[in-house]
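Below is one structure, written out as structure tokens; the observations come after it.
Here, each number is a calculation from the coordinates, and none is a lab measurement. Just so you know, these numbers come straight off a predicted model, no measurement behind them. When we count neighbours, we look across all protein chains shown, and the Cβ atoms used for this are built from the backbone with ideal geometry, even at glycine.
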Amino acid sequence: MKETLKAGLTYEFKFKVTDDKLVPALYPEAEEFQVMPNVFATGFLTGLLEWACIKAMKPHLDWPAEQSVGIGINLKHMAATPPGLTVTVNVVLEKVEGKKLTFQITAHDGVDKIAECTHERFVINSEKFNAQLAKKIG
């Protein structure tokens, strides 16, 4: 981790919602999802918020030797977003406790605030992490 990775870091990320990020696309094999509204899925929103945090911190890591994994998320998905709208994600790195990072995140679709989130990530050495994972797989 570089010394520039510190509390107060901000980042803005934009993403246009496409049909492949709607509820029916989340688990195509789930018949229950197939009849649900065509709106941005909470599962994809979660991934988007993680992605925004990764993009915020990437210049401050020895990428790709250092990466991060999500270890906690407290998400409020507050409004539905139809396809075609662009979601703006605003990230603030609130705390750095060793390798544990805590982010505050908001997201807006141009009409409504759609999410508020606290997200925790942990900085890892990718080689060591992948070696441990290989042991788990056997």
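The chymotrypsin sites (Phe, Trp or Tyr not before Pro) of the range 41-138 include none that DSSP puts in a loop with a beta carbon having at most 14 other beta carbons within 10 Å.
Any chance you could give the angle, 0 to 90 degrees and rounded to 10, that helix 126-137 forms with the longest Cα principal axis of the chain? It works out to around 70 degrees.
Take the Cα of F129, step 7 Å toward its Cβ, do the same at V92, and the gap between the two points is 2.6 nm. The angle between the Cα long axis of helix 42-57 and the longest principal axis of the Cα atoms of the chain comes to about 30 degrees, rounded to the nearest 10. Both radii were evaluated on the Cα set of the chain; the Rg over Rh quotient, with Rh as the Kirkwood radius, amounts to 1.02. At full extension, V35 and K6 could sit 6.0 nm farther apart than now, given 0.36 nm per residue minus the alpha carbon distance.
Which FRET efficiency value, to the nearest 0.05, do you get for T102 and A80 by plugging their Cβ-Cβ distance into 1/(1 + (r/R0)^6) with R0 = 30 Å? Please list the in-between numbers first.
Values: r = 28 Å, r/R0 = 0.92.
Approximately 0.65, to the nearest 0.05.
Exposed loop sites, defined as GluC sites (Glu not before Pro) outside DSSP H, G, I, E and B with at most 11 other Cβ atoms within 10 Å, are absent from the longest region of the chain, namely 30-138. Taking a ≥ b ≥ c as the square roots of the eigenvalues of the Cα gyration tensor, the range 42-108 is prolate, since a/c reaches 1.5 or more and a/b is larger than b/c.
Per the helix-only calculation at 222 nm, which mean residue ellipticity applies to the chain, given -39500 (n - 2.57) for every DSSP H run of n ≥ 4 and division by its residues, nearest 500 deg cm²/dmol?
Details: 4 runs with 36 residues, N = 138.
Per the formula, -7500 deg cm²/dmol.
Which lysines, if any, have their Cα less than 28 Å from the Cα of K76, not counting same-chain residues under 8 positions apart? Here the lysines satisfying the reach criterion relative to K76 are K6, K14, K16, K21, K55, K58, K95, K99, K100, K113.
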